[in-house]
Amino acid sequence: MNSREVSIIGMMLALSLMLEVIPVEMPMVWGMKIDLVAVPVIMAYLLTGFAGGLVAVVLLFLGLSLVSPASWIGGMMKSTATFSVLLGLEAARRITRFDFEKADGRRTAVFAVLAFLIGIAIRVPLMVALNYYVALEFFLDIPRERVIETVEAWTGVPFWIAIGLPNVIQSAIDVFLGLGSTIPVLRRVPHLLG
């Protein structure tokens, strides 16, 4: 990892943690929040590649574990969800052979939509399982056997929709806003790619 990549990851991590401390968010009933915290991590991935994105996710977990009111469990949930988005982006990049230097509007749109779809195919089942087996039992302070009925009573929808739909919305924000924020930066400062 070179100094450029370390600098980009550091700036993006600082921005992520700032967005956690000074939140721009929409809270959900059971503790999840729709926010912008992962967008800078997605930008770090887009600017530095998969290894840089992975480093940013690990550092996001450590940082959120320290500054988030949701403690290490909230940090683990956000980092795991963000990692699933990175997997979607990386898979889409390999399938489409996406390259910022050769990207036009159509190629970028295909890449973004495919990344989003692959990301939610990974993220939604993973977050449903982690919420059931780990997070909600802790956050709601109820036995695991009551997690599904409690969430369904609050939301009025099946458990998997109550967990899955906000994760789909969050993935859309992460992918499309992350990509939409990175493209103008690269137009002004193209040497950031290497």
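Any read-out appearing in this document is the output of simple, stated calculations on the displayed coordinates, not a laboratory observation. Model, not experiment: these values are computed from the prediction. Here the Cβ is made from the backbone with ideal geometry for all residues, glycine too, and neighbour counts use every protein chain on show.
Figures for the structure shown
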quantity: Relative contact order computed over the chain (Cα-Cα under 8 Å; 6+ residues apart), in percent; calculated: 22
quantity: Test item: Cα-centred dipole of the chain, Lys/Arg +1 and Asp/Glu -1 on Cβ, debye; calculated: 720
quantity: Karplus-derived HN-Hα couplings along the range 138-147 (A = 6.51, B = -1.76, C = 1.60, θ = phi - 60°), whole Hz, x at Gly and Pro; calculated: 6, 5, 8, 6, 10, x, 3, 4, 9, 4
quantity: Label corresponding to Rg and Dmax of the Cα atoms in Å when calculated from the structure given, among (i) 16.9, 53; (ii) 15.8, 44; (iii) 15.6, 49; calculated: (i)
quantity: Gain in span if fully extended, ILE142 to ALA109, counting 0.36 nm per residue against the direct Cα distance; calculated: 7.6 nm
quantity: Residues whose placed amide H lies under 5 Å from that of VAL37, excluding near-sequence neighbours; calculated: none
quantity: FRET efficiency, 1/(1 + (r/R0)^6) with R0 22 Å, evaluated for GLU101 and MET1 via beta carbons; calculated: 0.60
quantity: Folded to 0 to 90 degrees: helix 178-188 orientation relative to the chain principal axis, Cα; calculated: 20
quantity: In the range 56-154, trypsin sites (Lys or Arg not before Pro) in a DSSP loop with at most 16 other beta-carbon atoms within 10 Å; calculated: ARG97
quantity: Max mean-square fluctuation residue, GNM over the chain, Cα-Cα springs under 10 Å, options MET18, MET127, MET43; calculated: MET18
quantity: Between 0 and 90°, nearest 10: helix 3-21 axis offset from the chain longest Cα axis; calculated: 30
